[in-house]
1. I'm trying to understand the selection: among the residues of segment 245-271, which are crowded, with 24+ Cβ neighbours inside 10 Å and either more than 21 Å from GLY369 (Cα to Cα) or among the hydrophobic types (A, V, I, L, M, F, W, C) (or both)?
2. SER57 is checked against (1) under 14 Å from the mean Cα position of the chain (by Cα); (2) at pLDDT 95 or above and fails just one. What number does that condition carry?
3. Go through segment 104-114 residue by residue and tally those that are surrounded by fewer than 22 Cβ atoms within 10 Å (Cβ to Cβ) and in a helix (DSSP H, G or I).
4. Of the residues that make up segment 291-308, is at least one in contact (Cβ under 8 Å) with a residue 40 or more places away in the chain, part of a helix (DSSP H, G or I), among the basic types (Lys, Arg) and under 16 Å from VAL339 (Cβ atoms)?
5. With the condition kept exactly as written, say whether any residue in segment 29-49 is crowded, with 21+ Cβ neighbours inside 10 Å and modelled with pLDDT of 85 or more.
6. Filtering segment 379-412 down to residues that are assigned to a loop (DSSP other than H, G, I, E, B) and over 28 Å from LEU327 (Cα atoms), which residue is modelled with the highest pLDDT?
7. Taking the options ALA349, ALA328, ALA298, ALA343, name whichever one is farther than 21 Å from ALA404 by Cβ and either under 16 Å from the mean Cα position of the chain (by Cα) or modelled with pLDDT of 95 or more (or both).
8. Do we find that MET231 is surrounded by fewer than 21 Cβ atoms within 10 Å (Cβ to Cβ) and at pLDDT 90 or above in this structure?
Amino acid sequence: MNTTATAIAPHPAQRRILTVLVTAQILSGAGLAAGITVGALLAQDMLGGAGWAGLPSALFTIGSAAAAALIGRTSQRLGRRTGLTAGYTAGALGAVGVVAAAAADNVVLLFASLFVYGAGTATNLQARYAGADLAVPRHRGRALSTVMVATTLGAVAGPNLVTPLGNLARAVGVPELAGPFLLAAAAYASAALVLGLALRPDPLTTARARAAADTPASAVSADGGAADTRMLFLGTVVMVLAQLVMVAIMTMTPVHMTGHGHSVGAAGLVIAVHVGAMYLPSPLSGLLVDRWGRLPVAAASGITLLASGLLAALAPPHSVGLLALALALLGLGWSFGIVSGTAIITDAAPPATRARTQGLVDVAIAVAGAGGGLASGMVVAAGSYALLSLLGGLLALAVLPAIAWSARPLPVTGS
């Protein structure tokens, strides 16, 4: 029968869909980087203390969690194009609100706007699922990593534009640290426009139609197929740990650096290296996932994050080079975890319920990031940046027992 051939053949629209997603991700990357680079510094400036510097990261990751669920549900009902376009539009509105809050010195508006701004982060991350919707399983890691690597250009450029954007903000009467959010507003709005106009055919609805055509009617269950709950759990754990550790260490690095006499520009450079290492190695992560398998790359994520935490803890505060290397390892470990975890989730969730499941998984990822961001400032205030980095690295190793548990053979049920 031709159903098997259809199931394993690449969809003719996949190349076009990847091109559109790549274009949108290049634009949105700059918006993603704004909150990472100056969010903590802006809060520290407005609130007057490092203890609350992790709050912006917590707020826009909580906003990301709420948006992830909404984007997943919207995509499930109306397709990826509608869900992703709405998410980037909300992110752009949140960035505009941050600029207005900084200009008015209004902390309440700042917090509300950071929450809405988190929708852009959720959308940028969920776009990877759209890249994998029509990919054949043996190319799934490379497809989703193609979407992720496209974020690199904007995400690396954004932190390095901190100084000129600060000058622009000052010129229009806005506080300097709000400058990158001007770029974020334009970047997210542009990405929304590209997806709304060009993401056709919709990858998720097309994948569902294809799966229905490839499956005999007698084999289709009410929910479109059974999910592999054990692998869904593992994929979630892998990505949650990677996100929690990455956000915690990343959030406090600019605060750590500026507290030891480094300029905001130097902190922006280190964050640019970090964000580049999150996304630039994505094709390598995808290739390893497809060639070596999901579980070995997931294990490599925990080990790489441990190495990052140890180096960040031991690096002298004056050494920009060692901090940049530690943050590069942090980004690479995150890449291994997100790409392998995404492939695990996509493999385990049937197309009929895939977007809703992925949205719920991304809620867990965002909540973990929010917890990491909020706790990071408190750990540093009560202890030190070195303590935070060490704890994060050790926590990342929890992925290893989760992998071992998932790899156990299922108990045989006999009559």
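1. VAL245, MET246, VAL247, ALA248, ILE249, MET250, MET252, ALA267, VAL270, ILE271
2. Every condition holds for SER57 apart from (2).
3. Looking only at that region, the number is 6.
4. For segment 291-308, residues in contact (Cβ under 8 Å) with a residue 40 or more places away in the chain, part of a helix (DSSP H, G or I), among the basic types (Lys, Arg) and under 16 Å from VAL339 (Cβ atoms): present.
5. There is no residue in segment 29-49 that is crowded, with 21+ Cβ neighbours inside 10 Å and modelled with pLDDT of 85 or more.
6. If we take residues in segment 379-412 being assigned to a loop (DSSP other than H, G, I, E, B) and over 28 Å from LEU327 (Cα atoms), then ARG408 is modelled with the highest pLDDT.
7. ALA328
8. Taking the combined requirement at face value, the residue satisfies it.
The values are calculated or read from the model by the stated rules, or taken from the named source; none is laboratory data. Fair warning: this is a prediction, and the values are worked out from it, not measured in the lab. So basically every Cβ, Gly included, is an ideal-geometry build from the backbone, and we count neighbours across all protein chains shown.
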